[in-house]
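A.B. asks: Mind having a look at this structure? Questions to follow.
The values are calculated or read from the model by the stated rules, or taken from the named source; none is laboratory data. This is a predicted model, so every value here is computed, not measured. Note: ideal-geometry Cβ built from the backbone for every residue, glycine included; neighbour counts use all protein chains shown.
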Amino acid sequence: MDFRGLGNTCVIGLQWGDEGKGKVVDLLLADFDVVVRYCGGANAGHTIVVGGEKFALHQLPSGVLRPNALNVIAGGTVIDPAVLLGEIAALRQRGVPLGDNLRISDRAHVVFPYHRREDVLAERAARAGEKLGTTARGIGPCYADKYGRHWAIRVCDLLAPDRFRARLAAVVAHKNAYLRGVFEERETFDAARLADEYLAFAEQLRPFICNTTTLLHRLLREGRQMLFEGAQGSLLDVDHGTYPYVTSSNSGGGGVASGAGVPLAALRSVIGVIKAYTTRVGAGPLPTELNDATGDRIRERGREFGTTTGRPRRCGWFDAVAASYAALFTGPTGLALLHLDTLSGFEELRVCVAYRIGGQIVNEFPSDTYLLEQAEPVYESLPGWSEELGDCRRWEDLPAAARAYVRFLADRIGAPVRLIGVGPAREQTILVADGV
Ligand code: GDP
Ligand code: IMO
Ligand code: MG
């Protein structure tokens, strides 16, 4: 299929992350010129498998393996320079070039070790049942500083050494007092040492740093086709997700305009990415969670272990109430359905089509996370299939039960499935031009 006809496109997860966005972005990029990460930071873990080789990307956009793609890390992200430079070095060692194909926004916010420390200490201090299960990458504390404004540092600040040193000294004094006072932390940060370290990072990053907003608008005027790579999932969106069990950015499509500085009117297509079942890492409600042999079987078949933290992912049946809600505020024009192969060998498949909360049938995804925690799934059953799907390449190759399952999900969400994943590799993909 020629993806050029999609126009400027956003790829967004419609569940709680790890839907397979990396694979979809990499695939679509055959026909795009630019890929933009617009939210989140090193909490993301996007996996691409090419030629039997696996690449896990955290800070970098998933276009680094496509020689034609310009990779842009836009202003709505938070950047941990140590992670980013580590990723660049590791890729270069594997023969993947990074130079003119990477641009980093001077507006992005910078993650410091005190953010990571606060992330860990706040989780440790939280009462049982109130821990968020974050990735410990300092994401929440860095975004909190961004919105609080007093203690934030942006990429452009790193490029003015004297100003940066003075500002960091004030910020570090505040952070040390805060960590000592609130968490009784004994270790403190040394502002001068930290400034030296970050100024050295800045020198390595300098060739990549620019005003990405003006760059993207120039490229749009030149007619370059852009792909916006969502991180996390819509249900982890700070405004629309299962708050407080969310991340700290707009991981739903709303983040494109604010994060990349490109108006939403420039977007022509939204690809909603779903997994054929549901997973979640970290804490928070997951109505269809299976704490039994079926859940274990999905985890093993799907290799559901976190790309960023290695934690086993919580697994359950597909939750059509949750995914339909995510589709409301992201507006997918098409769906990419991944991991269909993982569901082979189940006699019966279940899809959650409503919740039972306090004895009532509820069709709407509740705003109150406490209510969602009480939700019991109401399931519809579909017949499974026994055939392995890894070698299927066309819609017609799929067993009839698998086709019926795909149709069922598309109907429930109300958007056509255009791409189906039957394995992690690039070529393990079925494209359905007209949609199912
Ligand atoms: P992302 O964060 O949305 O990019 O997803 P992750 O990379 O964290 O997790 C998705 C995992 O599923 C990765 O290990 C992928 O290699 C793998 N994957 C992607 N699509 C498929 C698929 O269709 N079938 C199977 N079996 N694995 C897939
Ligand atoms: P990708 O882009 C899955 C989850 C964490 C935790 C919550 C808050 O790979 O889909 P944070 O560190 O962001 O403050 O953690 O959000 N989380 C993700 N879960 N995939 C991700 O990214 C995630 N990024 C954050 O597990 O529950
Ligand atoms: Mg991931």
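A.B. asks: Run Gln225 past the list (1) touching a strand residue (DSSP E or B) at 6+ places or on another chain (Cβ under 8 Å); (2) surrounded by fewer than 19 Cβ atoms within 10 Å (Cβ to Cβ) and report the number of the one that doesn't hold.
C.D. replies: (2)
A.B. asks: Something else now. Can you tell me which residue within segment 228-248, out of those that are touching a Leu at 6+ places or on another chain (Cβ under 9 Å) and either among the basic types (Lys, Arg) or under 20 Å from Gly75 (Cβ atoms) (or both), is surrounded by the fewest Cβ atoms within 10 Å (Cβ to Cβ)?
C.D. replies: The qualifying residue surrounded by the fewest Cβ atoms within 10 Å (Cβ to Cβ) is Thr247.
A.B. asks: Would you please name the residue that is nearest to the chain's Cα centre (by Cα), looking only at residues in segment 402-415 that are surrounded by fewer than 16 Cβ atoms within 10 Å (Cβ to Cβ) and either small (Gly, Ala, Ser) or not in a helix (DSSP H, G or I) (or both)?
C.D. replies: Gly414
A.B. asks: Could we say that Tyr114 is within 17 Å of Cys39 (Cβ to Cβ) and either assigned to a helix (DSSP H, G or I) or in contact (Cβ under 8 Å) with a residue 12 or more places away in the chain (or both) here? Outline the logic, then answer.
C.D. replies: Values: within 17 Å of Cys39 (Cβ to Cβ): no; either assigned to a helix (DSSP H, G or I) or in contact (Cβ under 8 Å) with a residue 12 or more places away in the chain (or both): yes.
Judged against the criteria, Tyr114 is not a match.
A.B. asks: Would you mind stating whether Asp26 is assigned by TED's automatic domain parsing to the domain that holds Leu219 and over 12 Å from Ala231 (Cβ atoms)?
C.D. replies: Criteria met by Asp26.
A.B. asks: Are there any pairs, at least 6 apart or on different chains, whose C-beta atoms fall under 9 Å, with the first in segment 185-200 and on the phi < 0 side of the Ramachandran plot and surrounded by 12 or more Cβ atoms within 10 Å (Cβ to Cβ) and the second of a type in the set (S, T, N, Q) and modelled with pLDDT of 95 or more, and if so, which?
C.D. replies: The qualifying pairs are Glu185/Asn176; Thr188/Asn176; Phe189/Asn176; Ala191/Asn176.
A.B. asks: Something else about it: If the requirement is being in the same structural domain as Ala336 (by TED's automatic domain parsing), modelled with pLDDT of 95 or more and in contact with a Lys or Arg (Cβ under 7 Å, 6 or more places away or on another chain), which of these qualifies: Ile73, Ile12, Ile79, Ile88?
C.D. replies: That would be Ile73, the only listed residue that is in the same structural domain as Ala336 (by TED's automatic domain parsing), modelled with pLDDT of 95 or more and in contact with a Lys or Arg (Cβ under 7 Å, 6 or more places away or on another chain).
A.B. asks: Any chance you could count how many residues in segment 134-169 are within 18 Å of Gly76 (Cα to Cα) and either within 16 Å of ligand 1 (Cβ to nearest atom) or in a helix (DSSP H, G or I) (or both)?
C.D. replies: Here the count works out to 15.
Every residue, every condition in (1) away from ligand 3 (no atom under 15 Å from the Cβ); (2) at pLDDT below 95; (3) under 18 Å from Gly22 (Cβ atoms); (4) among the hydroxyl-bearing types (Ser, Thr, Tyr), yes or no:
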residue: Tyr245; (1), (2), (3), (4): yes, no, no, yes
residue: Arg301; (1), (2), (3), (4): yes, no, no, no
residue: Arg314; (1), (2), (3), (4): no, no, no, no
residue: Ala326; (1), (2), (3), (4): yes, no, no, no
residue: Leu338; (1), (2), (3), (4): no, no, yes, no
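A.B. asks: Return yes or no: is Arg103 under 20 Å from the mean Cα position of the chain (by Cα) and either modelled with pLDDT of 95 or more or loosely packed, with under 13 Cβ neighbours inside 10 Å (or both)?
C.D. replies: Criteria met by Arg103.
A.B. asks: Another one. Here are some conditions: (1) part of a loop (DSSP other than H, G, I, E, B); (2) under 20 Å from the mean Cα position of the chain (by Cα); (3) over 24 Å from Thr247 (Cβ atoms). Leu98 meets all but one. Which one does it not meet?
C.D. replies: Every condition holds for Leu98 apart from (2).
A.B. asks: Can you pull out every residue in segment 314-330 that is within 12 Å of ligand 2 (Cβ to nearest atom) and surrounded by fewer than 21 Cβ atoms within 10 Å (Cβ to Cβ)?
C.D. replies: Selection gives nothing.
A.B. asks: Starting from segment 4-22, take each residue that is under 17 Å from Thr242 (Cα atoms) and among the aromatic types (Phe, Trp, Tyr) and list its partners that are within 13 Å of ligand 3 (Cβ to nearest atom) and assigned to a helix (DSSP H, G or I), counting only C-beta distances under 6 angstrom and pairs at least six apart or across chains.
C.D. replies: Sorted first by the residue in segment 4-22, then by its partner, the pairs are Trp16/Leu236.
A.B. asks: Among the listed residues Ile88, Ile73, which satisfies the condition of being within 16 Å of ligand 2 (Cβ to nearest atom) and hydrophobic (A, V, I, L, M, F, W, C)?
C.D. replies: Exactly one residue qualifies, and that residue is Ile73.
A.B. asks: Do any strands (runs of 3 or more DSSP E) lying entirely in segment 263-371 carry at least 2 residues that are within 16 Å of ligand 1 (Cβ to nearest atom), and which ones are they?
C.D. replies: Filter on segment 263-371 gives 269-275, 278-280, 314-316, 334-338.
A.B. asks: Hey, among the residues in segment 16-33 that are within 9 Å of ligand 1 (Cβ to nearest atom) and closer than 15 Å to Leu337 by Cβ, which one's surrounded by the most Cβ atoms within 10 Å (Cβ to Cβ)?
C.D. replies: That would be Glu19.
A.B. asks: Another question, then. Can you give me the number of residues within segment 190-236 that are away from ligand 3 (no atom under 16 Å from the Cβ), part of a strand (DSSP E or B) and either more than 25 Å from the chain's Cα centre (by Cα) or of a type outside the set (Val, Ile, Thr) (or both)?
C.D. replies: 4
A.B. asks: Still on this structure: In the set Gly241, Gly259, which member is within 16 Å of ligand 1 (Cβ to nearest atom) and at pLDDT 95 or above?
C.D. replies: Going through Gly241, Gly259 in turn, just one is within 16 Å of ligand 1 (Cβ to nearest atom) and at pLDDT 95 or above: Gly241.
Conditions (1) within 15 Å of ligand 2 (Cβ to nearest atom); (2) assigned by TED's automatic domain parsing to the domain that holds Lys54; (3) hydrophobic (A, V, I, L, M, F, W, C); (4) surrounded by fewer than 19 Cβ atoms within 10 Å (Cβ to Cβ), marked per residue:
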| position | (1), (2), (3), (4) |
| --- | --- |
| Gly252 | yes, yes, no, no |
| Ile271 | yes, yes, yes, no |
| Tyr277 | yes, yes, no, no |
| Ala283 | yes, yes, yes, yes |
| Glu289 | yes, yes, no, yes |
| Gly302 | yes, yes, no, no |
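A.B. asks: Picking from Ile413, Ile420, which residue would you name as being of a type in the set (Val, Ile, Thr), away from ligand 2 (no atom under 16 Å from the Cβ), in contact (Cβ under 8 Å) with a residue 40 or more places away in the chain and in contact with a Leu (Cβ under 6 Å, 6 or more places away or on another chain)?
C.D. replies: Details: Ile413 fails: in contact with a Leu (Cβ under 6 Å, 6 or more places away or on another chain).
Exactly one of Ile413, Ile420 is of a type in the set (Val, Ile, Thr), away from ligand 2 (no atom under 16 Å from the Cβ), in contact (Cβ under 8 Å) with a residue 40 or more places away in the chain and in contact with a Leu (Cβ under 6 Å, 6 or more places away or on another chain), namely Ile420.
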